[in-house]
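Read the structure below first, then the notes.
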Amino acid sequence: MQTTSDEVLIGRIANGDRLAMQVLFARHHVRVYRFVLRLVNNPSTAEDLISEVFLDVWRQAGRFEARSQVSTWLLAIARFKALSALRKKPESALDDEMAEAIEDTSDTPEVSLQKKNKSELLRECLKSLSPEHREVVDLVYYHEKSIEEVAELVGIPENTVKTRMFYARKRLSELLKAAGVDRGWP
């Protein structure tokens, strides 16, 4: 059951297969939890919302139209639940003492500008890569796909993906160094 695709699991869940639900939950609950936690910033609320998300999956599996990946569908449900929870959350009044105790962790204008400039430079350097290398970097870093998933998507062996990643990172490092950018953010 571990190698069964998410779409097949959803079909089985629609037919009341509890084992399929357990497999889907095991496969995706950590990613969905982290996503929700970033939105609500409260572990207890995130746990509650995860339960609601997978309960909705159990109830609505028959309505899944496969217009997106199952993981995307799960994140969409989770996002809706998290935003709804945030809207319901009562705003507590801050007194002056509490307000002063809150640490401002945002970037200074200078750091924000440095990050923006470095980001633009990185995008330009990415354009200098070959289409094959750029595709692998995009899938791994921006779409968070694993080496195995990239190999399957692109239709090449996993070792080829690893080799392309190695050379792409090496080339990006050279391009960034030539542009005067040191490692790190910013």
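The values are calculated or read from the model by the stated rules, or taken from the named source; none is laboratory data. Fair warning: this is a prediction, and the values are worked out from it, not measured in the lab. FYI the Cβ positions are ideal-geometry reconstructions off the backbone, even for glycines, and counts take in every protein chain you see. Accessible surface areas use protein heavy atoms only, side chains included; no ligands, DNA or RNA. Shrake-Rupley method; radii C 1.70, N 1.55, O 1.52, S 1.80 Å.
If I filter segment 51-86 down to residues being of a type in the set (A, V, I, L, M, F, W, C), surrounded by 12 or more Cβ atoms within 10 Å (Cβ to Cβ) and under 21 Å from Glu144 (Cα atoms), which single residue comes out as nearest to the chain's Cα centre (by Cα)?
It comes out as Leu75.
Give Leu122, Leu139, Leu126 a once-over and let me know the one that is closer than 15 Å to Lys170 by Cα and open to solvent by less than 40 Å² (accessible area, probe 1.4 Å).
Answer to the selection: Leu126.
Quick check, is Ser173 open to solvent by less than 90 Å² (accessible area, probe 1.4 Å) and within 22 Å of the chain's Cα centre (by Cα)?
On the way: open to solvent by less than 90 Å² (accessible area, probe 1.4 Å): yes; within 22 Å of the chain's Cα centre (by Cα): no.
In short, no.
Outside any helix (DSSP H, G or I) and in contact (Cβ under 8 Å) with a residue 12 or more places away in the chain: does that describe Thr4? Working first, answer last.
Values: outside any helix (DSSP H, G or I): yes; in contact (Cβ under 8 Å) with a residue 12 or more places away in the chain: yes.
For Thr4, the condition - outside any helix (DSSP H, G or I) and in contact (Cβ under 8 Å) with a residue 12 or more places away in the chain - is met.
Residue by residue through segment 56-75, note down the ones that are in contact (Cβ under 8 Å) with a residue 60 or more places away in the chain and in a helix (DSSP H, G or I).
From segment 56-75, those in contact (Cβ under 8 Å) with a residue 60 or more places away in the chain are 69-71; that's our starting set.
Within segment 56-75, Val70, Ser71 qualify.
Anything in segment 41-50 that is open to solvent by 20 Å² or more (accessible area, probe 1.4 Å) and without any contact (Cβ under 8 Å) to a residue 40 or more places away in the chain? List them, or say none. Step through it out loud before you land on a result.
Filtering segment 41-50 for residues open to solvent by 20 Å² or more (accessible area, probe 1.4 Å) gives 41-45, 47-48.
Within segment 41-50, Asn41, Asn42, Pro43, Ser44, Glu47, Asp48 qualify.
Sort out which residues of segment 6-40 are among the aromatic types (Phe, Trp, Tyr) and open to solvent by 60 Å² or more (accessible area, probe 1.4 Å), and write them in order of number.
The initial filter retains those residues of segment 6-40 that are among the aromatic types (Phe, Trp, Tyr), namely 25, 33, 35.
Within segment 6-40, just Phe25 meets the criteria.
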